[in-house]
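Student: One structure, pasted below without further comment.
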2 protein chains.
Amino acid sequence: MQQEVVLALLAKEPSYGYQLRARLRQALGPLGEAMNDGQVYVTLTRLERAGLVTCESAPGTPDRPDRKVYALTAAGQQRVSDWFAEVSWPKPDLAEFHLKLLAAAAARLADPVAIIDAQRRELLRRLRDAQRAEMAEPAGSDGALLLEGIVLRLQADLRWLEACERSWTHRRAQS
Amino acid sequence: MQQEVVLALLAKEPSYGYQLRARLRQALGPLGEAMNDGQVYVTLTRLERAGLVTCESAPGTPDRPDRKVYALTAAGQQRVSDWFAEVSWPKPDLAEFHLKLLAAAAARLADPVAIIDAQRRELLRRLRDAQRAEMAEPAGSDGALLLEGIVLRLQADLRWLEACERSWTHRRAQS
DNA sequence: CAGCAGCCAGATAACCGTTATCCTCTTGCG
DNA sequence: CGCAAGAGGATAACGGTTATCTGGCTGCTG
């Protein structure tokens, strides 16, 4: 999942860990902060062990410490091509929240409607944050496009929360 | 993430592995098929090791094999209450697709617009499936509510894909 | 110039979720 | 009887996340 991203970056040109991190940050915009820096190195070693990349030590400039330059193998090239050909999409993940509501009602430990309200406030907060971040990005940039997707999804989630609230207030009235 | 769900089920009443699996399946509706059966047992052993549940062997009926009945400890109760009080929401995860487009363009190994088209066809297919599954569920049921959320999200994702396509065709025209 | 903060580059380990596979025991059925 | 299917449970391999550690180099400041 993350491996393919790193492979694709290497498909453009061989590179070393820190440079890959920087390119990833730039491509993700403000969301790049959520990414873990160390994971790039973990991923690279695993890719090397899997035979998808090769590593070559390069002394670099005399003032810089040595770096390990990674490059794709033939198998790595194939993997990148396969990735581009494949369709996939993040899973629902709404299920967890849904189960939370059912469990809260069953255990009588919390009010589902109150949980929904708290969740909506949180999502509204995130929506404001995302919209503000979108405004701060230059129009038409990569980061702005990604943030637009986040905003659309948050809005869809908010509408679902309203449906949840209708359903649960109705159940509460019936019980 | 999954631990809290299992804990909350146990908060309603002590239970054993297979029963928990069945209750989870019922609560998730047709999406329950995507759940891994084995994970329930893995989660239970971890919860026991963490001191959140206790396990007691019960001989059950003479014709049934023995089962291990799990129950919440005081620490487990606390954890469930904390979970109900907490707000969280699944991460974006749009980033992976976004990086795929950038990488495809940079490496010149695939056409971003073609990737977007393929993705949209896939999402449209899933949207149809989800809507059909929603119709098959009894109206107002738990499964139907969850599927409604999936549908709303898919529609939001499709609108984002359209924005992506506009952006990328524009870039292609400029290059 | 000395010293220290801070960044570059990389490594390690713990934890968690996913998947696949294996096991025993029981029930139903031809 | 023999066998498939399901109930109930366990295990191992793999991948992603997070936190933390190490050196070496930069640049600022007193």
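Student: If amide hydrogens are placed 1.01 Å from N in the peptide plane, which non-local residues have theirs closer than 5 Å to the one on B:Ser15?
Tutor: Sorted by chain and number, the residues that satisfy this are B:Tyr70.
Student: If you don't mind, another one. Tell me the mean residue ellipticity at 222 nm calculated for chain B from its helices only (DSSP H runs of n ≥ 4, each -39500 (n - 2.57), averaged over every residue, nearest 500).
Tutor: -22500 deg cm²/dmol
Student: Just rank B:Val6, A:Val113, fewest to most, by other beta-carbon atoms within 10 angstrom.
Tutor: Numbers: B:Val6 25, A:Val113 18.
Starting with the residue having the fewest Cβ neighbours, the order is A:Val113, B:Val6.
Student: Taking every pair of distinct Cα atoms and averaging 1/r, then inverting, what Kirkwood hydrodynamic radius in Å comes out for the range A:120-175?
Tutor: Here the Kirkwood hydrodynamic radius works out to 12.6 Å.
Student: Moving to a separate point now. What does the extension gain come out to for A:Ala22 and A:Asn36, with contour length at 0.36 nm per residue minus their alpha carbon separation? Don't jump to the answer; show the numbers that get you there.
Tutor: Working: separation 14, 0.36 × 14 = 5.04 nm, distance 1.18 nm.
Full extension of this stretch gives 3.9 nm more.
Student: Here's another thing I want to ask about it. So for the pair A:Ala85, B:Ala74, with labels modelled 7 Å out along Cα→Cβ, what separation do we get in nm?
Tutor: Going by the 7 Å Cα→Cβ label model, 6.1 nm.
Student: Restricting to lysines 8 or more places apart or on different chains, can you count the pairs in the protein assembly as shown with Cα atoms under 27 Å from each other?
Tutor: 11
Student: Under a Cβ-Cβ cut-off of 11 Å, what is the net charge of the residues other than B:Ala11 that fall near it, where Lys and Arg count +1 and Asp and Glu count -1?
Tutor: Neighbour charge sum, excluding B:Ala11 itself: +1.
Student: Provide the FRET efficiency to the nearest 0.05 for the A:Arg172-B:Arg125 pair, computing r from the beta carbons and using R0 = 35 Å.
Tutor: Taking R0 as 35 Å, the efficiency between A:Arg172 and B:Arg125 is 0.45.
Student: I've got another one for you. Considering the rotational relationship between chains A and B, which residue of chain A contributes the beta-carbon of minimal distance to the axis, and what is that distance to the nearest Å?
Tutor: A:Ala156, 2
Student: Using DSSP H assignments, which helices in chain B have an axial alpha-carbon span of 18 Å or above and a mean Kyte-Doolittle hydropathy of -0.5 or higher?
Tutor: B:94-107, B:142-174
Throughout, read-outs are computed from the coordinates displayed, never taken from laboratory work. As the structure is a prediction and not an experimental result, all values here were calculated from the model. Positions of Cβ are generated from backbone atoms using ideal geometry, with glycine treated the same way; all protein chains shown enter the neighbour counts.
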